[in-house]
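Step one of this worksheet: look at the structure below.
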Amino acid sequence: MTAAPEEMACQICLSPLNTLGTPPTYVHPIQLATDGHEPVPVPVSQLDTVRLTCDFCGDPYPTWTLLGGEVHAVAVGATAGLVQNFGEAWAACAVCQTYIDDGRNDKVVDRAVRALGFGHHPQARERIEQLHRAFLNTRVPGRTLITTTAWPTTAIGARELPKVRDRLGGFYRGSDELPFALAATDVRQQIAAGLDRAGLFWIDGDFTDLAEYAVEKLPDVTISRDLMPSTDGLLVWSRPVTRRQIAAASWTSTSDGWQLVNYRTLGRGLDGTPLQRLREQVGWLASMSTVQVHDQHVLPGDHPAAALVATWLLITQQAAEVTTAEVDKVIRKSYARTNRAAPEVRIARIGANGGTTPPSARSASGDPGPSQTSRFWVSGHWRNQPYGPGRALRRPVYINPFLRGPDGAPIKLSTTVRMLSSHKPKSEDHD
């Protein structure tokens, strides 16, 4: 059997593309308003975000892909007919999925009619109902989580991490499917087992700023166990980082290396039953991308996992002060009922030194060379530091911004440098 061609999206506007003819020509959907750019087709599997909408009601945050019979609609005009193919894979938002699960297809139609502004057009409602029925009457069991939806950010506090970890592990062990690299059952089971063992890390606001700033200049890094603050782990930043807007990441040790996964949050804006079911069935995190790495694997500085690697490096070079969060009482009791040890959540803040600054760089008054009459800021950067047996290995170490020049000399004001605080926030456990 020939595999179906992978779905393509436009790299510029992130919208799914339609195909015409054989070989296919990729075009934007007719109803999509664009700035007139030509489509730049790339496989959906290569994109973190795709601008899908719910095929039932048009909601901009679709959650599930459902499979059913291929639906065609025929519009007949005065001289010819137009056939539109709605396909056999439909995206469903969390609200429509809840109605479908409850057998309330009429509610799905009502929602679509309201969204399309057809409340006073009975014939339009009838046509929408026919389309929905044609798909749902032939729907096959199962569904796949849509991981490319750019949900608004949901804040996750340190105290919530055990619950977030448990729901994520439960989803990996469940029957709902995941696309692409995480679709394989054995990979999902490995990650779920790794989450059970995982060290939990919450990165506070200042340390998140430092990590995001440092990752912009991260060099290629050789992966090894001593880079990681724990053998397996789940790490959540206080806010999404980098242009990819990554909210969390996990690493799982395997027989031949580690499985690294980036996550985004989902569910913001929902309430009532749809939100409750999403939290119960999926949780708070949806995978964005994954990579399998092995010992001595060289990870490029612009890799999707670079934010995780930069945060590892900053923690292990003791740029971080790590403290323990007080876990919610309800979570502690839940663990006790199942004879599990109370979970430990570690909070990473910028330490007293905030990184590494070479002593010789703090004041360059003794440096040879031309006489300097002022001081200037040198921006933070990475430097390869020798380590290991015979100091033969190299590991990137982050160097904090520092002043170069004679002690007591005036500071040039033309240089902008980013300085980060090391104070402890009043509360890092808020929802």
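The table for this structure:
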item	result
Reachable aspartates and glutamates, given that their alpha-carbon falls under 12 Å from the alpha-carbon of residue 217 and they are not under 8 places away in the same chain	302
Solution diffusion estimate, µm²/s, Stokes-Einstein, segment 262-335, Kirkwood Rh from C-alpha pairs, 20 °C, viscosity 1.002 mPa s	133 µm²/s
Cα-Cα P(r), segment 8-145, percent of pairs per 5 Å interval	2, 9, 16, 20, 20, 16, 11, 4, 1
Where only C-alpha atoms are counted, convex hull volume of segment 161-291 per residue in Å³	122 Å³
All Cα pairs of segment 298-345, percent lying beyond 15 Å	63 percent
Potential extension, residue 139-residue 407 segment - 0.36 nm per residue separation minus Cα distance	89.0 nm
Loop-located trypsin sites (Lys or Arg not before Pro) in segment 200-271 whose Cβ has at most 14 other Cβ within 10 Å (DSSP)	217, 243, 268
Alpha-carbon centroid distance for the pair segment 307-326 / segment 135-194, whole angstrom	26 Å
Sequence-distant aspartates and glutamates (8 or more away, or on other chains) whose Cα lies within less than 16 Å of residue 163	196, 280, 326, 328, 344, 429, 431
Residue-span extension gain [residue 67 to residue 181] - 0.36 nm each, minus C-alpha spacing	39.1 nm
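Where a number appears in this text, it was derived from the coordinates with a stated rule and is not lab data. This is a predicted model, so every value here is computed, not measured. Neighbour counts are summed over all protein chains in view; Cβ atoms, including those assigned to glycine, are modelled from backbone coordinates with ideal geometry.
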